[in-house]
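Peer 1: The structure follows.
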Amino acid sequence: MRELTVGLGSRSYPIFIAEGCLGRIGTDLAERRVGKRYGLIMDDRVAEVYGELVTESLHGAGLAVETLVFPHGEASKSLHSVADLAGRLASLGIDRQDALIALGGGVTGDLAGFLAATYMRGIPYVQVPTTLLAQVDSSVGGKTGVDIIEGKNLIGVFHQPRAVYVDIAVLRTLPREELLGGLAEVIKYGVIRDGAFFDFLENHRQAILDLQPEVITHTISTCCRIKAEVVAEDEREGGMRRILNYGHTIGHAVEGASDFTIIHGLAVAIGMVAAARLAVAQGLLSEPDKERIVTLLKAYGLPVAVPGALSRTRIKRYLLTDKKAVGGRLHFVLPTTIGRTCIDADISEAQIDAVLG
Ligand SMILES: NC(=O)c1ccc[n+]([C@@H]2O[C@H](COP(=O)([O-])OP(=O)(O)OC[C@H]3O[C@@H](n4cnc5c(N)ncnc54)[C@H](O)[C@@H]3O)[C@@H](O)[C@H]2O)c1
Ligand SMILES: [Zn+2]
């Protein structure tokens, strides 16, 4: 088992990474006394595969648990779901002495986290991420929220969990595409902050794709360590936390322009390559370093170019919406070498056209 800490003073919390820890959550929660009773929040798919295991773990430790299930998918990350779940919590008499458990992917983490942040002006919660993306990214850092028609994550609040439990065994039931999407975020951490980790990802490709326990534990804990460091330095995204957006400016535009048929992680892989090419064009990154990024993404089966059929005009329209949000200029996180980045707001439209291809 690995244990890390997100260091945020009195709001610090542990991240546990271990095979099989889903079955031991009850004992740990009983020791930590996070809540008197627990509202276990999960989508229907996760409920079917892991709901009983977690419920039994809590019952085994003598804890009372109420299960609240919602339909899987991004569409559930809505104010409507918040109202529905809050109503169910109120009917069950859940109050401020109680706590929530977010068991699932990033959708569940963001939705249950937002519910915990706002129900009765805030109750405690823990994250139990079950997708690779949630294990290495969304479960750590306390960003919670929901979507509105006008855009994703437009309503939200920071609310740090009391603990994060990462069970690597759950990755075995994850659809292949979801695993790949998470791996794009994993590679992102190597590029932005840790050259040695990038080497590790180059050297352990097969073991990672095979979910070999020791290698996958090291992989996830390195990502969580980096995310925890960045969050501890910049909890509310004033500066440093922006490096986590590497690949996401063009990535989000590709995701949107594809009407979300290209899943987030795959779009981010395309965005990382585009940003690396912009960095080369700006004289910030060497051609061989850019090639290493492209080669590694390809080796994991990730896309590295914008699909030919996708409208460039639509991608650029999405980029312009992003631009408005940051005061008129597009900000790109650009790698300067493997393991380091800078922010560049001086990219021309012609350069963007060139990297979109
Ligand atoms: N808060 C943050 O910092 C942050 C960071 C990145 C992404 N996000 C958010 O995360 C969301 C995406 O998360 P996601 O990719 O995990 O999607 P998701 O939560 O929708 O999960 C993907 C699918 O996998 C299923 N699933 C989950 N775990 C499984 C398992 N172990 N076995 C089988 N099936 C499983 C789910 O039921 C779902 O259908 C987006 O809404 C995004 O905005 C938040
Ligand atoms: Zn992402």
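The values are calculated or read from the model by the stated rules, or taken from the named source; none is laboratory data. The model shown is predicted, which means the values in this text are computed figures rather than measured ones. Here the Cβ positions follow ideal geometry from the backbone for every residue, glycine too, while neighbour counts run over all protein chains shown. Only protein heavy atoms, including side chains, enter the accessible area calculation; ligands, DNA and RNA are left aside. Shrake-Rupley method; radii C 1.70, N 1.55, O 1.52, S 1.80 Å.
Peer 1: Which Cα, out of H159, T130, A30, lies furthest along the positive dipole direction of the chain (beta carbon charges, K/R +1, D/E -1)?
Peer 2: It is H159, whose Cα lies furthest towards the positive end.
Peer 1: Determine the order of T313, T219 by accessible area, beginning with the largest, at a probe radius of 1.4 Å.
Peer 2: Ranked from most to least accessible, the order is T313, T219.
Peer 1: Given Q97, N203, Q282, which one lies farthest toward the positive end of the charge dipole of the chain, if we put +1 on the Cβ of every Lys and Arg and -1 on the Cβ of every Asp and Glu?
Peer 2: Among Q97, N203, Q282, the one farthest towards the positive end of the dipole of the chain is Q282.
Peer 1: Given a Förster radius of 30 Å and the C-beta distance between A350 and K298 as r, what FRET efficiency does 1/(1 + (r/R0)^6) yield to the nearest 0.05?
Peer 2: Calculated transfer efficiency: 0.65.
Peer 1: Among DSSP beta bridges lying fully in the chain, give the percent that are antiparallel, nearest 5.
Peer 2: Expressed as a percentage, antiparallel bridges in the chain total about 40.
Peer 1: Would you mind calculating the relative contact order of segment 196-293 from Cα pairs under 8 angstrom and at least 6 residues apart, reporting the percent as a whole number?
Peer 2: Once normalised by length, the contact order is 16 percent.
Peer 1: Could I ask something else about it? Whole number in Å², please: accessible area per residue of the chain, 1.4 Å probe, ligands, DNA and RNA not counted.
Peer 2: Solvent-accessible surface per residue comes out at 42 Å².
Peer 1: Rounded to the nearest 0.05, what FRET efficiency do R88 and A30 have when you use their Cβ-Cβ distance and R0 = 35 Å?
Peer 2: Efficiency, rounded to the nearest 0.05: 0.90.
Peer 1: In nm, to one decimal, how far is the modelled label at L211 from the one at S10, with both set 7 Å along Cα→Cβ?
Peer 2: It works out to 4.1 nm between the two label points.
Peer 1: Nothing charged except the Cβ atoms of Lys and Arg (+1) and of Asp and Glu (-1): what's the magnitude of the dipole of the chain about its Cα centre? Round to the nearest 20 debye.
Peer 2: 660 debye
Peer 1: Here is a follow-up. Any idea what the dipole of segment 190-337 comes to, in debye rounded to 20, about its Cα centre with Lys/Arg Cβ at +1 and Asp/Glu Cβ at -1?
Peer 2: Values: 18 positive and 16 negative charges, 159 e Å.
Once rounded to the nearest 20, the dipole reads 760 debye.
Peer 1: Okay, moving on. Can you give me the relative contact order of segment 10-83 as a percent, contacts being Cα pairs under 8 Å and 6 or more apart?
Peer 2: 36 percent
Peer 1: Still on this structure, please answer the following. When the chain is modelled as a GNM with alpha-carbon springs shorter than 10 Å, which of D344, D194, D84 fluctuates the most?
Peer 2: In the Gaussian network model the winner is D84.
Peer 1: Given a 1.4 Å probe and the protein chains all in place, what does the accessible area of S138 round to, in Å² to the nearest 10?
Peer 2: Taking all protein chains as shown, S138 has close to 30 Å².
Peer 1: To continue, here is another question. HN-Hα J couplings of segment 306-311 from phi, Karplus 6.51/-1.76/1.60, θ = phi - 60°, integer Hz, Gly and Pro as x?
Peer 2: 5, x, x, 6, 7, 5
Peer 1: If you look for lysine pairs in the chain that are eight or more places apart or on different chains, how many of them have Cα atoms under 18 Å apart?
Peer 2: Step by step, the pairs that qualify in the chain add up to 12.
Peer 1: Right, another one. Sort the following peptides by mean Cβ neighbour count (other Cβ atoms within 10 Å, averaged over residues), highest first: 121-128, 154-161.
Peer 2: Working: 121-128: 22.0, 154-161: 18.1.
Going from most to least packed, we get 121-128, 154-161.
Peer 1: Would you calculate, for the chain, the mean residue ellipticity at 222 nm contributed by helices, counting each DSSP H stretch of 4 or more residues as -39,500 (n - 2.57) and dividing by all residues, to the nearest 500?
Peer 2: Estimated from H runs of four or more residues: -14000 deg cm²/dmol.
Peer 1: Let me ask you something else. How much accessible surface does K298 have with a 1.4 Å probe, in Å² rounded to 10?
Peer 2: 120 Å²
Peer 1: Counting pairs of alpha carbon atoms under 8 Å apart in space and at least six apart in sequence, what relative contact order in percent does the chain give? Display every interim value, and only then the final one.
Peer 2: Numbers: 662 pairs, mean separation 53.0, N = 357.
Relative CO of the chain lands at 15 percent.
Peer 1: List the residues whose amide H sits under 5 Å from the amide H of E66, counting only those 5 or more places along or on another chain, with H placed 1.01 Å from N in the peptide plane.
Peer 2: Y38, G39, L40
Peer 1: Report in % the part of the accessible area of the chain that belongs to carbon and sulfur, leaving out ligands and nucleic acids; probe 1.4 Å.
Peer 2: Carbon-and-sulfur percentage of accessible area, whole number: 52.
Peer 1: Now for a different question. Using a 1.4 angstrom probe and counting only protein chains, how large is the accessible area of E291 in Å², to 10?
Peer 2: My reading of the accessible area for E291 is about 80 Å².
Peer 1: Show the residues, 5+ positions off or on another chain, whose built amide H is closer than 5 Å to the amide H of T341.
Peer 2: Here the answer is T336, since their amide H atoms fall under 5 Å of that of T341.
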